[in-house]
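Some notes on the structure that comes next.
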Amino acid sequence: MKKYLLTDFNTEKWDSIDMNGILEQVSKLNEGVLLGEVFHPDRWEISLARASHSIQNLLFEDGRIYGDVIFLDTEMGKLAKGLVDNFYCVFEMRFKEVARRWAPSKNEIRIISWDVVSPTKAEIRAMKINELLSHI
């Protein structure tokens with residue numbers, strides 16, 4: 001089991017999100033075990049047949065969510081582990097946006113899980129730079 005960075009809310013993308021709501025959700029999500037899939041599907045429910053990893057012990061710290069990830073001993077789990085370990089893929093939050101009539105300036109999201117997805121070019125560059133800096 002290894003702790004991974006799952007989501008970094010310290011970016012412009014998340015400026016309008018209610019962080020108190022995120023903190024509450026992390027607390028509730030820690031009451032169970034989450035399953036995730038490879039290549040972020042276009043549906044809300046998790047497919048047990050496609051599950052590749054479980055996530056436990058979520059931690060919300062300094063605007064980031066970390067979690068212990070256990071890759072399942074299945075074809076999809078082995079694929080996800082190989083992709084993540086070789087920096088080809090990262091974790092991306094699967095969520096639904098919820099409109100809040102009483103506080104329209106802040107959006108609320110409902111976290112479903114985290115899936116293994118292909119990173120953007122900027123994320124790949126950042127990972128390579130961080131890897132190089134770790135050797136200095």
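Nothing in this text is a laboratory measurement; each read-out follows from the coordinates by a stated rule. Predicted, not measured: the structure shown is a model, and the values here were computed from it.
Quick notes
- Here the gap between E31 and F9, fully extended at 0.36 nm per residue and compared with their Cα-Cα distance, gives a gain of 5.7 nm.
- Subtracting the Cα-Cα distance of I109 and R64 from 0.36 nm times their residue separation leaves 14.7 nm of extension gain.
- Put simply, the amide H of N107, placed in the peptide plane, has neighbours under 5 Å in I17, D18, leaving out anything fewer than 5 places away on its chain.
- The aspartates and glutamates whose alpha-carbon is closer than 17 Å to the alpha-carbon of K78, local same-chain residues fewer than 8 away aside, are E37, D68, D115.
- Table column - 3J(HN,Hα) (Hz), the stretch 80-89, Karplus curve with 6.51, -1.76, 1.60, x for Gly and Pro: 4, 4, x, 5, 5, 5, 9, 6, 7, 9
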